[in-house]
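The values are calculated or read from the model by the stated rules, or taken from the named source; none is laboratory data. Please read these numbers as outputs of a predicted model, since none were measured by experiment. FYI the Cβ positions are ideal-geometry reconstructions off the backbone, even for glycines, and counts take in every protein chain you see.
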């Protein structure tokens, strides 16, 4: 079995020294990786661990760790792996930036319709109205099943302080749109130092409910293994 | 001797899951900390290591590590330490955000003069013209000598691809403005995997020139030790 786990957050560069980052710690993706290695090490031929720069390293025989900076890097690596190899499962836990930087300018320039660019590789530190215009980044998850229809795909949806029904509904929407086998839906309001509630939504609309990181990791590893065996 | 070393980059929150981050690895601040512990461990009563979330941990007897997220956290911790204790040296290697988030809005709202706020703790992922307006953050370095005049202060200036004379001039300006004893000036163009040129500017305008991380760490530890003994 060959699987890909993505973990942590992507970073989009603003200039040579600044970037916009998803604050994800990568704890969940890391825990899932460890669970696969603990429980199914015999069946894993290769585990590709695509991780953001802040995520914990994952070590083990048959683990190939690939550091990922921006959305474009993630897109390129996934495309390469999914076309060159037969990948049984993708657990896409990475918090991918929804936005990339389109332009760095000033409020005054926007209001006056001035489209000249700011100069330099590093933005000066004394601009009073620095303004960053963003654009939507490509939805990387969308291409996974198109490139590799037989792969078991697990998507992730993190929301912040929404009603439970909405969380499940949005998670199920993600599952349908991207042809996922499962989606793990979770809410920042239910995540703390010693708690991490998670709901693993299945294709038929049913849910597994978990109370912490370890239970989530356990369940996802088990469901993917059942699906791919 | 009690010293403070700041290392890594600060992060300013955009919403619950996104932030603007200085991409600093914290390698230099970490190396300076190690050098102090290696060469002057007998004289160090306490080393406060204020580090960004991505920076390498520093371990040792007498090391107190304090994680720092945003500029406001850094300001509060430094103020606390500098007023409660007698600090002999501050090596301020942290890449502090020049900008904090003022407002998250859209290009359309700016152009039409609409000042209503975007809703939610986490910004929706389907806005076509998301725009982040920034404001200048407080210059934390400026308060250090005001709070603690007897402290030896080392400032840092990182520029990107400027002529050597300009680098030294800008570094010396920082020294004068903030009453530093030394400023380490460096340029991204002279930093690579195995190279890190650095120029330690003194009050009299002279410079120590170094070729790599270890030499820089060595020189700074030595100069601070000479100044505070």
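Side notes on the structure shown:
- Flag if residue A:6 is surrounded by fewer than 24 Cβ atoms within 10 Å (Cβ to Cβ) and under 30 Å from residue A:103 (Cβ atoms): no
- The range B:103-192 holds strands (runs of 3 or more DSSP E) entirely within its bounds, and those carrying 3 or more residues that are within 11 Å of another protein chain (Cβ to nearest Cβ) map to B:130-136, B:152-159.
- Hits in the range A:10-30 (condition: under 17 Å from residue B:17 (Cα atoms), under 17 Å from the mean Cα position of the chain (by Cα) and either more than 8 Å from chain B (Cβ to nearest Cβ) or surrounded by fewer than 21 Cβ atoms within 10 Å (Cβ to Cβ) (or both)): A:10, A:12, A:23, A:25, A:26, A:27, A:28, A:29
- Condition broken by residue B:205, with the remaining ones in (1) at negative phi; (2) surrounded by fewer than 16 Cβ atoms within 10 Å (Cβ to Cβ) satisfied: (1)
- Test result for residue A:155, surrounded by 13 or more Cβ atoms within 10 Å (Cβ to Cβ) and touching a residue at least 60 places away in the same chain (Cβ under 8 Å): yes
- Every test in (1) touching a helix residue (DSSP H, G or I) at 6+ places or on another chain (Cβ under 6 Å); (2) closer than 18 Å to residue B:155 by Cα is passed by residue B:60 save one, and that test is (2).
- Of residues in the range B:91-102 being facing chain A (nearest Cβ under 7 Å) and outside any loop (DSSP other than H, G, I, E, B), the one farthest from residue A:107 (Cα to Cα): B:95
- Residue in the range A:89-100 that is assigned by TED's automatic domain parsing to the domain that holds residue A:170, over 29 Å from residue B:20 (Cβ atoms) and out of contact with any helix residue (DSSP H, G or I) (no Cβ under 8 Å at 6 or more places or on another chain) present: no
- For the range A:63-88, filtered to residues that are in contact with a helix residue (DSSP H, G or I) (Cβ under 8 Å, 6 or more places away or on another chain) and in a strand (DSSP E or B), the residue that is nearest to the other protein chains (Cβ to nearest Cβ) is A:66.
- In the range A:36-50, of all residues being surrounded by fewer than 21 Cβ atoms within 10 Å (Cβ to Cβ) and under 20 Å from residue A:210 (Cα atoms), the one that is nearest to the other protein chains (Cβ to nearest Cβ) corresponds to A:38.
- Hits in the range A:179-191 (condition: under 17 Å from residue A:149 (Cα atoms) and surrounded by fewer than 19 Cβ atoms within 10 Å (Cβ to Cβ)): A:179
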